[in-house]
Structure formats: structure tokens, C-alpha cells
Amino acid sequence: MGLTGIQIFKLLPKTNCGECGVPTCLAFAMNLAAGKAELDACPYVSDEAREKLAEASAPPIRQVAIGAGERAFKIGGETVMFRHEKTFYNPTGLAAMVSSDMGSEELDNKLKAWNAFQYERVGLNLRPELVALKDTNGDGAAFAAAAKKIAEESEFGLILMSENLDALKAAAEACANKKPLLYAATGENAEDLGALAKEKGLPLAIKAESVEDLIALSDKLTEMGLKDLVLDSGSREIRQVFQDQVVIRRAPLKAGNRSLGFPTITFPCEMASNLDVETMIAAMLIAKYAGIVVLSDFRGDSLFPLLLERLNIFTDPQRPMTVTQGIYEIGGPDENSPVLVTTNFSLTYFIVSGEVEGSRIPSWLLIMDTEGLSVMTAWAAGKFAGDVVGTFVKKCGIADKVAHKKIIIPGYAAAISGDMEEELPDWEVIIGPRDASLIPKFLKDMAK
Ligand code: SF4
């Protein structure tokens, strides 16, 4: 559980030197407690105090790193039940299952197809991270060979699923550089798998029959010195899985239960008979509160909505996604190219810039800082008012780049044109389309 400001204050030097950016140690402590400051901002914290603060301020749900390279990711590290309380930090990892008896060609085709599922959205590359490799026939050599192939021929991280200790060990050695997740320690094999995970420095999943059993297994493995655990409550029934996820999230956050303070892994692929239903279950589990969801396959029409849902849920609700204020060149504009202005909400920028690019008419796009608000919201909040936009146009330097004085504003902000013209008496303010999809036609008509 986090420390209060006063508890943190007691561990600070109390010299009020102000080097951390606030005038007093108490103010800094309050900011730390509220998550508005980093401990490193104070250069005078003793090592002992730093250790105590780090331990006490560790998130109640441990952050666990899985994979290496391009698609490495972290799960857990969460501090709240609901994203509006603060934010969710580490997006749910998306995995698809392959079996060790799959032919080499079929595995190649799967990896190739799955690797192609990458979507550009608001400047981000949305894609899945994991392949879950299941040992289906106890053939350790085939299991290890498949693990090696996936590790060497794809960017995906790995979940190695086997009940055979030797097979798991061979596969872990074949792809150790990928830092795979070992699945799963149970009541029967916890000591052996715990020892393997510890020796290889790998994260380990625990599978139990119930949440109560999970606690006992988690305590046992923690006593063995394992830190990076991932929990599977064992249920494959929708209602029970949902309930387990809530209990596992709530226990460390609300009751300080460290035994359940780990991210979870869930298996929609074992809870439904087709990918559509799996996708609906996965959608529920991304919202509440799975660290990893494993599907039977990746298919575009299933994966894309899950990636978008995940993006939305794991975006900080207190910080709109923004792009930097400035002049953006699209398609190599010159002094005669049109000039458009809009807000710095990421989605607005990427939609408008995409449409301008699609028009094939080189243009200047002015992006004004509206604290990440979209056009209508910024206008309603007075952050995209005519005089403010006019001042921005004057100061941004666009007048030095073009030989004309025409500026296109979003159709939804038509009401600001009068005030803009007052602020920019030499400029002609042109009202553009309301819908960004009409921008190409609008620009082409203007060019004629
Ligand atoms: Fe206190 Fe450290 Fe901030 Fe100085 S830098 S005021 S010692 S918290």
C-alpha cells in the first residue's frame, strides 16, 4: 500500500533546499504521495530512505516483464480498481495458441500472418505480443524445436506450456533470450518448476483450482525466492473467471494481500468453441483485469477491436493524447500550398493529416496546442477561440513560408471566423468541411 505524504516526509532530509522544484520537503512529500513527482528529483535522499520508499511505494500488484526485443512488454503494476481513479499502466498482453505438433510449414504460415497484424493508430503501432506454445504430445524435442523456431523467426514473446519438466527445460533453454513465461506451476510440480524458473531467471505462471489454492501456491513460490509470478485461478467458466479476476485485483489493493499481488493469465481459447465468443470473453477480461489473454488464433476482425479496446482502456484518462504544437508539412508544400489549422488532439491530428495526405495536395497543417482537446470541445472550452487561434497563426511563422494569406479552419469551428479575421486582418479565413473525410474533395476543389 502507498505511503501517506506525512510518512514520506519523515524519510526526507527536511532541509527545504528547494532543489526538487518545490520550496519544501513537505510539499515534495505530498507530490510524491500523489504520484506527481519522482523520488529521483531529490538528490539528498539517503540510500536507506530510498530503499524504504521504494519498497513501500512498490505497486500492490507486481509488475512482471515478459519477452525481449521488439514485442517485450510488462503486465501488472496496477494501483487502482477503476481507470478513472488514476490510470491503468500496463496493457493486457494478447497471445494466440499453437501446438507443438503443428507442422513446420503451418507454423511458418501462422507466424507470418500474425506478424502482419500491425495497425497504425494515433501514431502508435498496435499489435499482439505473444505466442502460447502448448506441448500436446509430450514430445520434448518437438516442443523445444518449435520454441526455438518461434523465438528465432518471429518477434513474438513466448508462453511455454507443458506438464513435462524436461520438455519445459529444453524449450526454455532454446529460447532463453526471449525471456518466456513458463506455464504452469501446480500443487504437484511447484518445487521443480519454481527451481527451474529461479535458475533461468524466468517469470512463472501458477495454476490452481481456486483463488484460495492460488494463495497457498503463491506463498510457497515466494518463499522459494521467486518474484515474477503470474496467476491462473484455474476456472474456465465465464462467471467464475470474471469473479476471480475481480477478487485477485481487489485483494492486494484493498486488503493488502501480497499473495495475490501479481498479474493474471486467462484462457478465452479454453472457454469457448469459436473465436467470436472467445473475442467477447477477451474483451471482458481486458477490461477486468487480465494481465494476459490467450486466444486460439489471431484474426483481423477479432484482433483489431481488441487492440482498440485495449488502447482506450489503458490510455491515461487524465492526459489526452496529444501531438506537439507546430507547423506540419504534408506532401512537400511550397509557398502556394493551402494552410489548414486544427487542434493537437492526437486523433484529430492523425485523421486530418491522413485525409490531407490522401488528397495528394501538398499542404501546411498548423497544429495548435489545445491541451489535447478535439475541435468542438476546445472551441466550447474557449481554447480554440478566434482571437487565440489568430494569435497562434501570427506567431507560428507560417506567414514566412507562404506567399498567400488564406487559412482553412475546421467546419465545426465556423463560429470563430469573425474573431479570427479581426485578429488577422490581412488574412482570408476559409471555413473548411465539418467532416474530415470531405477534406480531399475540398482541397481539390480549391486547387481548381
Ligand atoms: Fe527537501 Fe530534497 Fe526537495 Fe531539498 S530537494 S527540498 S531536501 S525534498
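Rule-based calculations on the coordinates, nothing more; no lab input. Everything numeric in this text was worked out from a predicted model, so none of it was measured. Virtual Cβ from ideal backbone geometry, glycine too; neighbours counted across all protein chains shown.
In region 50-63, of all residues being small (Gly, Ala, Ser) and surrounded by 13 or more Cβ atoms within 10 Å (Cβ to Cβ), the one that is nearest to the ligand (Cβ to nearest atom) corresponds to Ser57.
Against the list (1) crowded, with 21+ Cβ neighbours inside 10 Å; (2) of a type in the set (A, V, I, L, M); (3) out of contact with any Leu (no Cβ under 6 Å at 6 or more places or on another chain), the condition Ile159 fails is (3). Of all residues in region 79-112, those satisfying the criterion of being within 11 Å of Phe298 (Cβ to Cβ) and part of a helix (DSSP H, G or I) are Lys110, Leu111.
The strands (runs of 3 or more DSSP E) located wholly in region 113-208 that include 1 or more residues which are farther than 30 Å from Val352 by Cα occupy 130-134, 157-161, 181-185, 204-207. Taking region 6-49 on its own, how many of its residues are part of a helix (DSSP H, G or I), under 26 Å from Lys254 (Cα atoms), within 12 Å of the ligand (Cβ to nearest atom) and out of contact with any Leu (no Cβ under 7 Å at 6 or more places or on another chain)? Number of matching residues: 2. Contact map, region 268-291: first residue more than 17 Å from Gln240 (Cβ to Cβ), second residue assigned to a loop (DSSP other than H, G, I, E, B) and among the hydrophobic types (A, V, I, L, M, F, W, C), Cβ cut-off under 9 Å, separation 6 or more or different chains; pairs are Thr279/Ala272; Ile286/Phe314; Gly291/Ile61; Gly291/Phe262.
Of the strands (runs of 3 or more DSSP E) lying entirely inside region 278-396, the ones with 2 or more residues being closer than 25 Å to Ala415 by Cα are found at 326-330, 339-343, 363-368.
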